[in-house]
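Report on the following structure.
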Amino acid sequence: MAEAPAHCPVCHSDEMVPVYDSGTRTSLSSLCQVLPGAKVVSYCPECGHLAGNGVADADEFYETDYRILLDDEEEDQIYEARGSEIVTRTDHQMAVLRDKVALAPGLSVLDFGCAKAAMARRISQATPGIDMHLFDVSRMYEPFWDKFVAKDRQAVHTTPEAWNGRFDLVTSFFAFEHIPDPKAAMAHVAQLLKPGGQFHMIVPDVTGNAADFIVIDHVNHFTRASAARLLADAGFGAIDVDTTSYRGALIVTGRKVGKTASARVDDAEKADILAQARELSAFWSTAADRIRASEPEGGATGSSAIYGSGFYGAFIHANLTRPEGVACFLDQSPWQQGKTLFETPILAPSDLPENIDTVYAGLNPAIAHQVMKSQPWAGRNGLRVIYLQDAAK
Ligand SMILES: [Zn+2]
């Protein structure tokens, strides 16, 4: 059985309260890989953090198996589709960064946990003369890095001594949720910054992003409170946690001041976090039952479709009693169309076959109803749409 985390990775409290246990033999990763073991989550009553158990061998996993978007240099993920216009995650991350940080030539910048460095590349292109550096825990991204950053500005696993105190800005996009010891990693970031240097991080917001709660490779489920605590303990000031500018994520910023500050969380906020964690736990525990209960009785092979070939779609497929009933996935992303997931083709939503009688909404429940209602085939006679959750009242 998977053990619920007994120590908080942010504040080191050992008063952790278990809040979720999937009770399953396997769990999905954030890249929709099926990995062995249940997912368990504990709540920290000291700092308001939620900690997950993580993958069995994290070092090996990130060195070789965590192959995010390696197929295609231009490949990206969709943040939002407004009609026919697609806003990618990289686009939106760039817009948010410009809003928070004054990018300028000569700035010494490190992207911490940069993966294939799509954001670092965008920042470099947008600001000629910026001095970009890259750091991650896998060598498999180096071919991407070599295209725009010199070798002496790349580091894998550890950073060179000479980088300490070098940076005006450290950025980190969707990395800290994977890091088993975020307290040590944040101390590392502080060490790399100049005095007064800026830190800018984006991590999933578990309260606005239900998938974050159950993916096995996310060991940290940050809340406003725990993100602020992480920075305060590492000697940051002017800490801001923006919960609204990036749907489903927290934008966390601070400046290195070199002395730790108090980041006490009031009881009402903690009670709210615990209540939301229990709600997420209930949501996922019932979502699987709901999928199975709505499966067509003896439905014809290939009579249903799953909208969404990301995490939620994979979750639905993994929980169907008869996955062979699924003819196709539907996805608005041009990078997903034409691929397969679990050996099932991924089509454009407008290509929904005529014979499909059931569509599962494999989307973030916060937007699922709205997206499904905007489809060209919405309301088609005899077509059922199954949601993971009822529409919010
Ligand atoms: Zn804690």
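Quick notes on this structure:
- The range 1-29 - residue that is small (G, A, S) and touching a Pro at 6+ places or on another chain (Cβ under 9 Å) and, of those, surrounded by the fewest Cβ atoms within 10 Å (Cβ to Cβ): S13
- Listed here are the strands (runs of 3 or more DSSP E) enclosed by the range 7-68 that have at least 1 residues being away from the ligand (no atom under 16 Å from the Cβ) and in contact (Cβ under 8 Å) with a residue 40 or more places away in the chain: 17-21, 26-28, 34-36.
Yes/no per residue for (1) more than 20 Å from N364 (Cβ to Cβ); (2) touching a helix residue (DSSP H, G or I) at 6+ places or on another chain (Cβ under 7 Å); (3) surrounded by 22 or more Cβ atoms within 10 Å (Cβ to Cβ):
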{"residue": "N319", "(1), (2), (3)": "no, yes, no"}
{"residue": "E324", "(1), (2), (3)": "yes, no, no"}
{"residue": "Q337", "(1), (2), (3)": "no, no, no"}
{"residue": "I346", "(1), (2), (3)": "no, no, no"}
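- Residue satisfying condition, being free of Cβ contacts under 8 Å to residues at least 60 places away in the same chain, buried (at least 20 other Cβ atoms within 10 Å of the Cβ) and not hydroxyl-bearing (S, T, Y), within set A305, A282, A293: A305
- Counting the residues of the range 120-174 that are touching a Ser or Thr at 6+ places or on another chain (Cβ under 8 Å), free of Cβ contacts under 8 Å to residues at least 24 places away in the same chain and farther than 23 Å from Y62 by Cβ gives 0.
- For the range 279-299, the count of residues that are away from the ligand (no atom under 16 Å from the Cβ) and touching a Gly at 6+ places or on another chain (Cβ under 6 Å) is at least one.
Yes/no per residue for (1) part of a loop (DSSP other than H, G, I, E, B); (2) at pLDDT 95 or above; (3) over 24 Å from P323 (Cα atoms):
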{"residue": "N355", "(1), (2), (3)": "yes, no, no"}
{"residue": "Y360", "(1), (2), (3)": "no, yes, no"}
{"residue": "L363", "(1), (2), (3)": "yes, no, no"}
{"residue": "A366", "(1), (2), (3)": "no, no, yes"}
{"residue": "P376", "(1), (2), (3)": "yes, no, yes"}
{"residue": "G379", "(1), (2), (3)": "yes, no, yes"}
{"residue": "Q389", "(1), (2), (3)": "yes, no, no"}
{"residue": "K393", "(1), (2), (3)": "yes, no, yes"}
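- Leading residue by the ranking (farthest from G248 (Cα to Cα)) among those in the range 180-206 that are within 16 Å of the ligand (Cβ to nearest atom) and surrounded by 23 or more Cβ atoms within 10 Å (Cβ to Cβ): M186
- Restricting the range 243-270 to residues that are within 22 Å of A210 (Cα to Cα) and surrounded by fewer than 17 Cβ atoms within 10 Å (Cβ to Cβ), the residue that is nearest to the ligand (Cβ to nearest atom): E269
The values are calculated or read from the model by the stated rules, or taken from the named source; none is laboratory data. Remember, it's a predicted structure, so these values are computed and weren't measured experimentally. Methodologically, a virtual Cβ is constructed for each residue, glycine included, from the backbone with ideal geometry; neighbour enumeration extends over all protein chains shown.
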